[in-house]
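What follows is a short report on a single structure.
The values are calculated or read from the model by the stated rules, or taken from the named source; none is laboratory data. As the structure is a prediction and not an experimental result, all values here were calculated from the model. Cβ placement follows ideal geometry from the backbone for every residue including glycine, while neighbour counts extend to all protein chains displayed. The area values use the complete protein model at the heavy-atom level, side chains included, leaving out ligands, DNA and RNA. Shrake-Rupley method; radii C 1.70, N 1.55, O 1.52, S 1.80 Å.
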Amino acid sequence: MPTDTKRVRGPELSQSPSVFQRRPPAAKKLLSLGKRADGRQPDQADIRPVFVRCGLVSQAKGSAYIEAGHTKLICCVYGPRETERKDETDMKSGRLTADMRFAPFSCPERGSWIQGSQDKDLSLMVLESLQPAVCLHKYPRSQIEVNVMVLENSGSVLAHAVTCASLALADAGIEMYDLVLGCSMRQDGDHFVVDPTYTEENSSGSVDNQGGLTVAFLPSLNQISGLQSDGEMTEETLAAGVRTCIEGCYKLYPVIQQALTKAVRKAAPPPPES
């Protein structure tokens, strides 16, 4: 049988790259030492440093990119434009749609381009968080499409997706009552971590009083537009977690304001020459 001379043949024996990957220390062990893997303090509203940019996608009406630690997301906004289906046309209000997907290379386990049940649930949560902030009555018989792509998942993707989508809507010039900021926290027994990483989200610790919480917050109006929780937490823990997430949103607000102001100044026409 003739050999295929144009194919690059691999080695006879090989090992998966995951064998040589450094395993991070357990999150519970780090909490017992009073620190987290990235150096942040537990039991405090300590969020990761955030990098934000607007207007990166020229084909979209508005776009935004956010990077928090190793979590990277990009969002594009299209519209307002005529509703595709006439039976969904509202003469008094517009229609907002949200679609959130994970890139196949975004997670440790490679996924597919087909939208799964997790993507659909996250898309619905993003939509429900954004709807109270958008002035849909200003866009009758129109639809606004929000598309979020997770480029790398290193934890707290829902919270950062809400923030990124809100920033993209503002960059598109969509009238809004306020920006929407997201913040997440993870409770594990008597300790909690804000803006948890992928390892902290999937670490198993105490059975009692354990769960996750994500809050979508309108900072100027001081109102909550969305809340998602899982696990089993007491009423006092849940209330304290909401207050902690709101504190984290206020810490994120100046960064988002600065990025949006920079984008507006960049897009503004130059002053007339005297």
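General remarks:
- Equivalent-ellipsoid semi-axes of segment 154-274, from the Cα gyration tensor, Å, largest first: 35, 14, 10
- A protection proxy built from the mean count of other Cβ atoms within 10 Å ranks the segments 94-104, 158-168, 257-267, 41-51, most packed first, as 158-168, 94-104, 41-51, 257-267.
- Accessible area of segment 43-159 belonging to carbon and sulfur atoms, whole % at 1.4 Å probe: 51
- Estimated inter-spin distance, D208 and D43, nm [label 7 Å along Cα→Cβ]: 1.7
- Here the label points at Q257 and K120, each 7 Å from Cα along the C-beta direction, are separated by 4.1 nm in the simple model.
- Rolling a 1.4 Å probe across the protein heavy atoms gives segment 217-274 an accessible surface of 70 Å² per residue.
- Phi angles across segment 75-85 convert, under the Karplus curve 6.51 cos²θ - 1.76 cosθ + 1.60 with θ = phi - 60°, into 3J(HN,Hα) values of 10, 10, 10, 10, x, x, 9, 5, 5, 5, 9 Hz, Gly and Pro given as x.
- Of K72/K251; K72/K262; K61/K138; K92/K262; K61/K251; K61/K262, pairs whose Cα-Cα distance is over 22 Å: K92/K262; K61/K251
- Our summary gives segment 213-274 a relative contact order of 28 percent, counting only alpha carbon pairs under 8 angstrom and 6 or more residues apart.
- The string of couplings for segment 63-68 from the Karplus curve (6.51, -1.76, 1.60, θ = phi - 60°) is 8, 8, 10, 10, 9, 10 Hz, one whole number per residue in order, with x for Gly and Pro.
- Shape category assigned to segment 77-201 from the gyration tensor of Cα positions, a/c cut at 1.5: prolate
- Residue order by solvent-accessible surface for S106, S93 is S93, S106, largest first, with ligands and nucleic acids left out and a 1.4 Å probe.
- Ordered by solvent-accessible area of protein heavy atoms (1.4 Å probe), largest first, the residues K120, K72 come out as K120, K72.
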